[in-house]
Number of protein chains: 2
Amino acid sequence: MSSTSLTALFHPKSIAIIGASDNPDRIGYQVVQSLLLGEFNGQIYPINPRLTVLFELTVYPSIDSVADEVDLAIIVLRKDHVLDAVDACGRKGVKSLIVMSSGFSELGDLTTEQELAKRVKEYGMRMLGPNCAGFVATTERIYASFENRVHSGHLAFISQSGAMCAVILAMSRAVGLGYSMFISYGNATDIGPEEILHYLGEHTPTKLIGCYLEGIKKARQFLTEAQIITPHIPLVVLKPGETQAGTQAIRSHTGAMAGVQAVYAGAFRQAGILQASTLDEFIDACLILSNQKLPHGNRVGIITNSGGPGVLAVDACSQSGLEVNPFPIMLVQEFSSFLPPICPMMNPIDIGPEGSPAIYQRVTEKLLKSPDVDMVLVLCVPTAFSDIVAISEAIVQAEKSNPQKPLVTCWLAEDIIEAGIPTLIEASIPNFATPQRAANALRFLNQRAEWLRSK
Amino acid sequence: MSSTSLTALFHPKSIAIIGASDNPDRIGYQVVQSLLLGEFNGQIYPINPRLTVLFELTVYPSIDSVADEVDLAIIVLRKDHVLDAVDACGRKGVKSLIVMSSGFSELGDLTTEQELAKRVKEYGMRMLGPNCAGFVATTERIYASFENRVHSGHLAFISQSGAMCAVILAMSRAVGLGYSMFISYGNATDIGPEEILHYLGEHTPTKLIGCYLEGIKKARQFLTEAQIITPHIPLVVLKPGETQAGTQAIRSHTGAMAGVQAVYAGAFRQAGILQASTLDEFIDACLILSNQKLPHGNRVGIITNSGGPGVLAVDACSQSGLEVNPFPIMLVQEFSSFLPPICPMMNPIDIGPEGSPAIYQRVTEKLLKSPDVDMVLVLCVPTAFSDIVAISEAIVQAEKSNPQKPLVTCWLAEDIIEAGIPTLIEASIPNFATPQRAANALRFLNQRAEWLRSK
């Protein structure tokens, strides 16, 4: 499998939008708008026989009336018109297609979908979709989708479902998780997740791949591609259908094979795939893997300014298979030199409600430097004494003392800590809403590190 | 144990604040402000020898200079001055105390705390604290705390830790969870959680009790009180220290007994206590129990407009011990009368991305009326076609067709669905951020119902 066959799709120099519209509620409008907002660096050809100008772009009556070469055509017509549009694209010599139109196999119409596949193949084109949301490549500035609120970063996200793309993108925005690409492949009639995986393995801006996977048509091929990629790039999969009832639900809405679900977990583990079982877990795993170095062991050092959350964090770390060992006496002695002797210092170290930004920084730096701590988790419940922005800045400063060691925060009390979050996001320090979510994310980081060491 | 001895504390007609301050950064300012913002219906006596007026209230130089009776004195002085203040209160005949000052047993000073306890007892007073955040009773309009952003509702929350109060209150605001009371009891030197539990059992506005419990000094008494209350009022406990490492952490920061942790789970279950193991779980359980009726069985009916989240919900429900059975043929036939035949209707029923508010309402009403469904979970991922406010209103309308059956929503894609949330909160329909959290909350509701049926 060569990724060059996807070059015209993922690196088009010219894009036509067949079904471009001047109605802002229509996808045919939103896709053109996305391409422009994203500052696409090539030619854009909106196609619509009833329009002449859209966003100051010349609108063409048909694909054949475009004089230049077209690398990619995005088809957003109603299903009835899709086959004709594919023919027109084929005759014109268009190299690749995104068919966003729906109503094919996902709604029971296998016949039209097979015909679509046949024609695409006959013309030697490649196709993403049908029934998909397109793709965005942030580094290349290609927003070939109606989704355009995508921040740039290192995660490539693959999903059959456009709805799951919307959900995951929204959750990502809230935590500052940035994307290199997202790709919604819809019915995978031509290009499926296995081939996209292969492409992403050679996509430089991508440092992490996330995948929402309901069913896989070519499971063996997917696992083979995964095995090639995972030694270099972490791959996190959110795979529903873990229970019998879930399997049934998938069968009824995608017609995907049942029974296969049970064998996935083992095969995934072997292929180095990290499996998330909930949306929160998936986002948290992607967030931490996208910007933290891997730990050399599973020992967590915890800093808190309040006992309760500290204990919740210890519980959560332990339940996640991480160690929270008492700090060595030397380290405790160092803490004692600048903290009141009454502060619990065994791990967690509790710097108390009056713990200042300077104290936070000093203690964080000590743990980042300690050979007895592999990962650092910093908790804060702001009190009347706390300046959460200053504390966030202190953590950012501390991080510089050893950027090689994983460092995450858990700022508790949502509306009170909001002001500190942008500082952390800016510095790529992942913040989690609860101690449990922080611990769970560290578990994924540790699992990745352990798997690589075991190779 | 009689709750009348707590009347002066929780129903004071007059409150003195010893250590009132005109500095907005000080607790002595914030507590007076809270009482005023909360529109306390009795007398407020700020005490501070260096002030004469505060918020247009007369400030008294000392507690003895107040001519009238004082039911409750809130002491916010530095520790060194607390014992003298207690003596002054005792001589004056003050009935109850809240000591917010810290630095006692929690920081190793057992001697002063024992002396404090002795004097409070000698004067026949009752005391909340020391090292506590006070309490708020919303129905009675008593905001005897520096925490004043507490919405009224049915949950009474008890916590040793003031920090956990801040965390839980912030999380509650985000989801519209309202409070009848919150009580931070600090070191429990006089009044502990067991006695507060007893009081709350007779507190009419309270329909649900939540408790953050690190260690219990009087475990047997607590369980006895719980057993009396739980047949009438659900009691949810968030109890850290589930792991060995967590137990050690508690020991080092509260000095509470270790080893006892292991026996709690069983004793809690027997006493009808619902145990949450994470912050999210605690909030979700409280949210659903505070405003939903109990189900008559564990069968969940799921509505979605997108396959993926539907499958995630089925998985999560199954893993939570709930049943997601195929709908009976009669119900599917009813759906078929107004839905395209291609919509998967087996459970989940997937009304598709173009599912309108009217369709949402109709399907929700059918499930609320069906004898084959005990609880209804409605999912929505907004698409370009969706008006999330109108869909939220449709669910509120549907709910009226059978308010006796539990109904929850899961609106996915955070920033896109925000506009719909106030409508749901207003109608007391709990909304959850992910299918897993919704399913987990339904599990708590079902667990409560099953326990009551087993009695």
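Readers should treat all values here as calculations from the given coordinates under stated rules, not as data from a laboratory. Everything numeric here is computed off the predicted structure, so don't read it as measured data. Methodologically, a virtual Cβ is constructed for each residue, glycine included, from the backbone with ideal geometry; neighbour enumeration extends over all protein chains shown.
Here are the numbers:
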| quantity | calculated |
| --- | --- |
| Across the identical copies, how the B:Thr7 labels are spaced - nm, sorted shortest first, 7 Å along Cα→Cβ | 8.8 |
| Net charge of Cβ neighbours under 13 Å - reference A:Trp451; Lys, Arg +1; Asp, Glu -1 | +4 |
| Of all chain A residues, the one whose C-beta is nearest the axis that brings A onto B, in angstrom | A:Asp280, 4 |
| Value in Å of the Kirkwood radius, where region A:295-454 supplies the Cα pairs that are averaged | 15.3 |
| Proxy reagent accessibility, fewest Cβ within 10 Å first, across A:Ser65, B:Ser370 | A:Ser65, B:Ser370 |
| Rounded to 10°, Cα long-axis angle of helix B:357-369 versus longest principal axis of chain B | 80 |
| Summed side-chain charge close to B:Glu399 - residues other than B:Glu399 whose Cβ falls under 15 Å, Lys, Arg +1, Asp, Glu -1 | +3 |
| Inter-chain shielding of B:413-419 (mean C-beta neighbours from other protein chains, 10 Å cut-off) | 5 |
| Peptide A:234-240 - average C-beta neighbours from other chains (10 Å radius) | 2 |
| Gyration tensor verdict on region B:301-393 (Cα atoms; rounded if a/c is under 1.5, prolate if a/b is larger than b/c, oblate otherwise) | oblate |
| Cα gyration tensor shape of the protein assembly as shown, rounded if a/c is under 1.5, else prolate or oblate by comparing a/b with b/c | prolate |
| Ordering of A:217-227, A:100-110 by packing [mean C-beta count within 10 Å, highest first] | A:100-110, A:217-227 |
| Reach of B:Lys95 by Cα under 27 Å, taken over lysines that are not fewer than 8 positions away in the same chain | B:Lys13, B:Lys79, B:Lys118, B:Lys121, B:Lys217, B:Lys218 |
| Within-12-Å neighbourhood charge of B:Glu69 [Cβ basis; K, R +1; D, E -1] | +1 |
| Three-way shape call for region B:368-455 based on the alpha-carbon gyration tensor, with the a/c threshold at 1.5 | prolate |
| Filtered chymotrypsin sites (Phe, Trp or Tyr not before Pro), region B:296-370: DSSP coil and at most 13 other beta carbons within 10 Å | B:Phe338 |
| Number of partner chain Cβ atoms within 10 Å, mean per residue of B:164-176 | 5 |
| Rounded to whole Hz, the Karplus (6.51, -1.76, 1.60) HN-Hα couplings of region B:297-308, x for glycine and proline | x, 10, 8, 9, x, 10, 10, 9, 10, 7, x, x |
| Relative packing of peptides B:372-382, B:151-161, A:194-204, A:414-424 - highest average C-beta neighbours within 10 Å first | B:372-382, B:151-161, A:194-204, A:414-424 |
| At R0 = 56 Å, FRET efficiency that the Cβ-Cβ distance of B:Thr139 and A:Lys118 yields, to 0.05 | 0.20 |
| Whole-Å distance, taken between Cα centres, linking region A:22-97 and region A:264-343 | 49 |
| Reach of B:Lys455 by Cα under 25 Å, taken over lysines that are not fewer than 8 positions away in the same chain | B:Lys207, B:Lys239, B:Lys293, B:Lys405 |
| Antiparallel DSSP beta bridges within region A:295-454, as percent of all bridges there, nearest 5 | 0 |
| DSSP-loop trypsin sites (Lys or Arg not before Pro) across region B:71-100, with at most 10 other Cβ within 10 angstrom | B:Arg78 |
| ³J(HN,Hα), Karplus 6.51/-1.76/1.60, whole Hz, each residue of region A:117-131, x for Gly, Pro | 4, 4, 5, 4, 5, 4, 7, x, 8, 10, 9, 9, x, x, 6 |
| Between region B:150-224 and region B:372-451, the Cα center-to-center distance that results, in Å | 26 |
| For peptides B:319-330, A:348-359, sequence by mean Cβ density within 10 Å, most packed first | A:348-359, B:319-330 |
| Among beta bridges that DSSP assigns inside the protein assembly as shown, antiparallel share in %, nearest 5 | 15 |
| Computed over chain B, Kirkwood Rh from alpha-carbon pairs, angstrom | 23.7 |
| For chain B, share of DSSP beta bridges that run antiparallel, in % to the nearest 5 | 15 |
